[in-house]
Amino acid sequence: MSLLPKTESVQIREVWSDNLEHEFELIREIVDEYPYLAMDTEFPGIVLRPVGNFKNSNEYHYQTLKCNVDTLKLIQLGLTFTDEEGNLPTCGTDKYCIWQFNFREFYLGKDVFAAESIELLKQSGIDFEKNNERGIDAVRFGELLMSSGIVLNDNVQWLAELLEVERVGICHQAGSDSLLTACTFRKLKENFFSGSLEKYAGVLYGLGVEN
């Protein structure tokens, strides 16, 4: 498969409350064969900044990330699975499959958010009312995730986003962004890692990558 599949060959599987269990059944069937996992999330922006003394900019950025993730509610989560060669699963169809999970907990009328981030997500096609009506319960998602074979599985490799490659699908939607992350990893592996991934394992973007 080429570094990035053509748009028409990829199916972004939209996951809602009514098909959540079915989609996790598919994931359980493919995770052992496609153990490289890229994830992207959509949150309501940056609304908090930590106050205090920090050892360096890495610590400040980490605390900024942590306090916002701990406070805010998840809107979307995208998952892309590949094998070691970068091939995507087809799940018995004629298209490559990636997943986009839509959550119900965030409400524009009562939850805190960054206005520019919400406007960007609206422009990218996220329908917040639809999420509230049909979206996934985060607790139920967590239960299914823990039993899916994705987490607590030594064979699964999680990937983080480090450089730009051309995307398939809509920017700032979690399914498309997770595919972009997977393709980014392949490019990094081919061009920079020299066959060794240990140096970069567990590294978050902007938090301590050495030259």
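Since every read-out is calculated from the coordinates, none of them should be taken as a lab result. Given the structure is predicted, the values throughout are model-derived calculations rather than measurements.
Points worth noting:
- Under-23-angstrom lysine pairs by C-alpha in segment 63-149, whenever the two are 8 or more apart or on separate chains: 7
- Over segment 25-131, volume per residue of the alpha carbon convex hull, in Å³: 157 Å³
- Equivalent ellipsoid of segment 108-154: semi-axes from √(5λ) of the C-alpha gyration tensor, largest first, are 28, 13, 11 Å.
- Under the criterion of Cα pairs below 8 Å and six or more residues apart, the relative contact order for segment 1-144 equals 34 percent.
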